[in-house]
Structures are given as structure tokens and as C-alpha cells.
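FYI, it's all coordinate maths here, none of it is from the lab. All values reported here derive from a predicted model rather than from experimental measurement. FYI the Cβ positions are ideal-geometry reconstructions off the backbone, even for glycines, and counts take in every protein chain you see.
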Amino acid sequence: MSETLEHVASRARTDAPPAILLDKVNKWFGALHVLRDVSLNVALGERVVICGPSGSGKSTTIRCINRLETHQEGRIVVNGIELSDDVKALDDIRREVGMVFQSFNLFPHLTILENCTLAPIWVRRMPKKQAEELAMEYLARVRIPEQAKKYPGQLSGGQQQRVAIARALCMKPKIMLFDEPTSALDPEMIKEVLDTMVSLAEDGMTMICVTHEMGFARTVADRVVFMDRGEIVEMGTPTQVFENPQTERLQLFLSQILRGH
Ligand SMILES: Nc1ncnc2c1ncn2[C@@H]1O[C@H](COP(=O)(O)OP(=O)(O)OP(=O)(O)O)[C@@H](O)[C@H]1O
Ligand SMILES: [Mg+2]
């Protein structure tokens with residue numbers, strides 16, 4: 001996204017309880033301390049972009065939010081529910097949180113439509129016809145309704161990623177987590193996926209997105225979080241973080257990603 005877009009007006013609801021709260025979260029993989037006192041409050045309707053060098057803990061942070069990884073210290077509260085070993089609580093949280101990964105993770109042996117209706121039918125117990133109508137609505141939303149009968153292998157990477165987004169939306173999540181959704185895509189397909197995400201932001205979806213797409217961050221992020229070595233090092237508006245970095249670590253990171261683009 002090279003053109004400068006108008007910043008999408010903030011939908012953050014500071015009057016409501018936070019959608020996501022991380023309070024001094026610590027996590028280790030064996031002896032490796034990968035999250036260090038990570039604290040972050042995400043308001044309902046807020047859009048947060050996380051950036052930082054490889055290995056800094058970005059994926060681990062968002063994977064802890066829907067408990068694809070478990071944290072060892074601190075608290076994580078999603079939509080008012082604290083993450084714990086309680087299976088019922090976890091089900092409730094996963095129902096509200098959609099996740100889109102770098103690799104699209106579609107089922108190759110199912111059609112696009114079947115990929116989108118699987119969870120609504122089996123998890124939400126939705127009648128098949130209703131699930132199909134819903135799936136078609138979201139496939140239209142990501143502008144590929146004509147692909148519904150095809151298999152993932154017959155679609156481009158950008159189209160597959162839009163299916164992955166539609167599939168997540170079919171569960172009607174309150175929160176969407178994105179982990180570098182465009183980094184496996186060819187440049188000409190990045191924009192179509194980012195445009196889909198911008199339109200979600202315009203609708204007021206609460207979003208956390210790990211990405212290094214600065215144009216996207218400037219357009220939609222209410223806040224940008226910079227992580228390095230398991231810590232949140234800086235956090236602020238896109239202008240504060242990108243134009244006025246306070247730490248050497250962030251200055252170095254920005255100079256490296258600017259060189260890379
Ligand atoms: N399952 C795992 N087992 C052991 N170590 C892991 C595991 N997953 C991640 N790590 C380590 O945890 C640290 C943080 O990894 P993480 O994937 O969160 O980084 P990242 O910021 O998302 O990096 P990238 O930009 O490369 O995706 C890294 O040192 C990584 O090697
Ligand atoms: Mg990662």
C-alpha cells in the first residue's frame with residue numbers, strides 16, 4: 001500500500017471494559033524467557049499494530065491471547081473472561097476471537113464454501129443452509145463469492161488469505177488477531193488483503209495485527225506497539241512511533257525495515 005490513505009477514524013471505546021487486557025505477562029519456552037512483563041490494554045473497537053524484529057515475541061503474544069500458547073505468569077483477560085485452564089472459559093474466548101495466520105491454513109480437500117461453513121456448522125451448530133448463506137455473505141464481503149465452489153489450491157495466495165479472513169468472520173468474532181497476514185504474499189496480492197482488513201477496521205472490529213506494513217499501520221492503527229527481545233519497548237500513535245522513536249532499538253528497527261522496502 002504505497003498511496004497515503006486517510007486515517008480510518010478511531011472506534012476505540014474507552015468508556016467500555018477493555019476487549020483485551022494483558023497484565024505483566026511472562027512466558028518461557030524451557031529456559032528461554034520469551035515474554036517479559038508484557039502489559040497491554042486494548043479497548044473495544046481499538047486497532048493495535050505490533051511490530052518488531054524476528055524472534056521478539058510478537059506471534060507468541062497474540063497466540064497467548066487465544067491460548068494457542070499458555071503463559072506462566074501474569075493475567076490475560078479477553079472480553080471479560082480470564083484465561084485459565086478452565087475449558088469452558090477457553091471455548092467462550094475462542095468463539096469470540098478470530099485468528100488469521102501467515103500461512104492460510106485452509107483445508108485443501110474442502111471447497112472454499114465448505115472451509116467457511118465447517119466451524120459454524122460443527123461449533124456453532126448452525127443449520128447448513130444458514131451457514132452457507134452466511135459464508136456467501138462474507139465471501140462477497142472479501143470480494144470472491146465466485147470462488148465458492150473451488151478448492152484452495154485453485155486460488156491465488158491473496159485469494160486464499162481472503163478466504164481465511166472470511167472463514168474467521170463466519171464465526172462472528174468480536175476480536176480479530178492477524179499474524180503477518182501478508183508476509184507470504186506476492187506484492188501484487190498484498191493490497192487486496194490489506195484493503196479487506198481496512199474495511200474491517202472501518203466497521204469497528206477490535207483488531208491486533210502483527211505486520212510491518214507501515215502504510216497499513218498509518219491508515220488503521222490507533223496504536224503501534226514495538227516489541228524487542230520479549231518486551232514492549234515503545235507504544236504510541238503511528239506518528240509517535242514512526243516519526244519520533246525514543247529508543248535506539250526502535251530507531252535501528254525502523255532504519256532496517258525502511259531499507260528493506
Ligand atoms: N514452540 C516454541 N518452542 C520453543 N521456542 C519457541 C517456540 N515458538 C517460539 N519460540 C521462540 O520464542 C521467541 C519468540 O518467538 P515469536 O515467534 O513470538 O517471535 P516473532 O516476533 O513472532 O518473530 P517473527 O517475526 O520471526 O515471526 C523466539 O526466540 C522463538 O525462537
Ligand atoms: Mg511471528
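What the table below lists for this structure:
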{"item": "Selection within the range 41-88 - closer than 27 Å to residue 203 by Cα, away from ligand 1 (no atom under 16 Å from the Cβ), out of contact with any Ser or Thr (no Cβ under 8 Å at 6 or more places or on another chain) and not in a loop (DSSP other than H, G, I, E, B)", "result": "41, 77, 78, 81, 82"}
{"item": "Verdict on residue 108 being within 13 Å of ligand 2 (Cβ to nearest atom) and in contact with a helix residue (DSSP H, G or I) (Cβ under 9 Å, 6 or more places away or on another chain)", "result": "no"}
{"item": "The listed residue being of a type in the set (S, T, N, Q) and in contact with a Phe, Trp or Tyr (Cβ under 7 Å, 6 or more places away or on another chain), out of 102, 130, 160, 154", "result": "160"}
{"item": "The range 4-36, subset surrounded by 14 or more Cβ atoms within 10 Å (Cβ to Cβ) and among the polar types (S, T, N, Q), residue nearest to ligand 1 (Cβ to nearest atom)", "result": "26"}
{"item": "Residue check, residue 43 surrounded by fewer than 19 Cβ atoms within 10 Å (Cβ to Cβ) and touching a residue at least 24 places away in the same chain (Cβ under 8 Å)", "result": "no"}
{"item": "Qualifying positions in the range 28-37 - part of a strand (DSSP E or B), without any contact (Cβ under 8 Å) to a residue 60 or more places away in the chain and either more than 16 Å from ligand 2 (Cβ to nearest atom) or basic (Lys, Arg) (or both)", "result": "28"}
{"item": "Scope the range 172-187; condition within 12 Å of ligand 2 (Cβ to nearest atom) and polar (S, T, N, Q); matching residues", "result": "183"}
